[in-house]
Amino acid sequence: MVATTFLSSVITFLLPLFFRSVTARYAPCTQSFHQLIADKVNISNCKKLGTLGAQWGWKTYEPKERRIDVVFGAKLHENVGWLAWGINPGKKPQMVGTRAIIGIKLLDGSLSINTYNITSDTKLGCALKPSEEFHNMTMGYNADVEFHNMTMRYNADLDYYIIYASVILPRVYNISKLNYVWQVGYSALGTSPLMHPKTLQNFDSAETINLKSPVGQIVGEHRHHMRMVHGIVNIIGWGTFLPLGVIIARYFKYPLELEGWWYKLHISCQILGFSLGMTGWIIGLWLGCASKYYTFKTHRLYAMFIFPFTALQMFALLLRPGKTDEYRKYWNIYHHFLGYALIAVIIINIFHGIAIFKPDTTAWKVSYIAILATLALTVIIFEVYAWIKFRIKKAKSKPAAKAKSKPAATSIADEPSSPSTEGHDWAEES
Ligand code: HEM
Ligand code: HEM
């Protein structure tokens, strides 16, 4: 029954999340955005971007001209802010090397738009200056991409800031594999945009697109889906099966009195949870290596604690002392203490993992809280049941004890033990 409840929680909450993520990557832009830009420019395609609530539309003039008309829009919810769209001639869609158009909303409400070359110096904190200035300084560095007819507007109906431009691409760019990058930031010094926030959304704002395909197909992007798989597998493995195994170990012996079953079920649950968790952990490591431009340190640190110590718990099963061994009770204390500590760290880390998806965390949180609530409810039910069983046993044993002995001679030893000691004598594990 418990297993069915978990499986239905998982199916109800986690699988829709995965399918939503898969489809969200290819979403067309909203009707209102499409309408707005179609009134002003001749755009043939339009799509919602995966992060920062941004949308973009384009029209290509290939093969005659190497020109693309671009419209890019996003919200800026602070008094000062900037939005950027750019292309990267390198092998990967990434910030460094990007030639970008950046539109800035200044403190006085005016809008400024310019082109910028983003270099590794930008990442190190050097001021990002409009590329005319950069161009003058470095004599022709920016001679590759040409941006024309750049404008930035605000649309009050959509509360969107929108950049319009025509881009002329040199030969080095291949529009069937175009690396493009977008970004939103909330501080600027005049026409110099300053560092953007450091959430996953801000790091995930780059992809490779095939502009020759009718829907603007994304090329070689697996990371987004792997993150979903990583989150779901970890929630099921570490966050569901391992605590479920602990519940089985604690309550199946008493009050359920399934002596022959509890140990088999406990280790099956732990082996399944550990195998799934290990798969999720390996995917996490792969993700960490694939996204070498940033790390999520706290999440990684907890993960590095969880895996080896859970592995130790698993291997400990093979090495545990026999039932009659004098060290058995110390082994039990260690196994239970580490087990509970790991469950606590796992739960904390799952919430850290979910927080990486900020601000889209509601569905994840609701799903995992529902799973935790089901587990907690199961524990409460078993605790109450154990207590009732203990009271009944105690009530039954009293008249018998009275009949046997004189009232004055009743000893504490005749009292039945409490449910927490009677059923949970860990030293008696099979
Ligand atoms: C305004 C000055 C900027 C600064 C100081 C800056 C700085 C940084 C830093 C330090 C990181 C790495 C974060 C980490 O490892 O913790 C990063 C990542 C990133 N930034 Fe920026 N950035 C700026 C502007 C931009 C602009 C204009 C764009 C888009 C056109 C952009 C797009 C990205 C992307 C996509 C990433 C993810 C990693 C990568 O692709 O390299 N950034 N930025
Ligand atoms: C206890 C369970 C979990 C473990 C042991 C774990 C483990 C890891 C590891 C080892 C990494 C790589 C870190 C790095 O090298 O920078 C990682 C990254 C990550 N994890 Fe988890 N994780 C867990 C749960 C979750 C959950 C529940 C979610 C989301 C719902 C999540 C989301 C992420 C994300 C988004 C990344 C970053 C991926 C990237 O760099 O692109 N994790 N995790």
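Express in nm, to one decimal, how much length is gained between ALA355 and LYS198 on full extension, taking 0.36 nm for each residue of separation and deducting their alpha carbon distance. Walk me through the intermediate numbers first.
Details: separation 157, 0.36 × 157 = 56.52 nm, distance 1.25 nm.
Extra length from ALA355 to LYS198 when fully extended: 55.3 nm.
Taking each of LYS59/LYS92; LYS329/LYS398; LYS323/LYS389 in turn, the alpha-carbon distance tops 29 angstrom for LYS329/LYS398.
The label-point distance for GLN217 and ILE380, in a model that sets each label 7 Å from Cα toward Cβ, rounds to 5.2 nm.
Coordinate-derived values only; no laboratory data. For clarity, every value in this text was computed on a predicted model and none was experimentally measured. Cβ coordinates were reconstructed from backbone atoms using ideal geometry, including for glycine residues, and neighbour counts include every protein chain displayed.
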